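Heads up: the structure comes next, in structure tokens.
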Amino acid sequence: MMNIKGHEAEKLKDPTGIIEGDRFEFFLDLEIDEEDELYTEQGVYLKVIFAVEENGQRIAQYQFFEENTNKALDFEMEEEEEQAVLAYCGEHYKTVL
């Protein structure tokens, strides 16, 4: 089980104008249960590219990282975690505009 403790976010610029809609980069500070396979004593954060388009919002890309080493971790989110991250980013991206 993961809990989002906070975040940093910024709007990404598309100098080419190729990408439709807006993209936001979120760094989510996570609290991971010690029993979870994703748990590490170093701590874990999640980098998310959040897309806001005419037809809705979506997670375009994500990657887990170990906090102190910035080492990429090869894990996928479970469906309920993905929905929680989508809702969180959808609620907070407007503060970055």
Legend entry - Accessible area per residue, Å², the chain with all protein chains present, probe 1.4 Å: 68
Inset, instruction - Starting from the exponent 0.38 and prefactor 2.2 Å, build the expected Rg for the chain from its residue count and divide its actual Cα Rg by it. - result: 1.10
Legend entry - Residue among E66, E80, E25 with the largest mean-square fluctuation in a Gaussian network model of the chain, springs linking Cα atoms under 10 Å: E80
Legend entry - Count, lysine Cα pairs under 18 Å in the chain, 8 or more residues apart or across chains: 7
Inset, instruction - Over the chain, with every protein chain in place, what whole percent of the accessible area is carbon and sulfur at 1.4 Å, could you tell me? - result: 41
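The values are calculated or read from the model by the stated rules, or taken from the named source; none is laboratory data. Remember, predicted model here, so these are calculated numbers, not experimental data. Remember, those area values only see protein heavy atoms, side chains included, never the ligands or the DNA or RNA. Shrake-Rupley method; radii C 1.70, N 1.55, O 1.52, S 1.80 Å.
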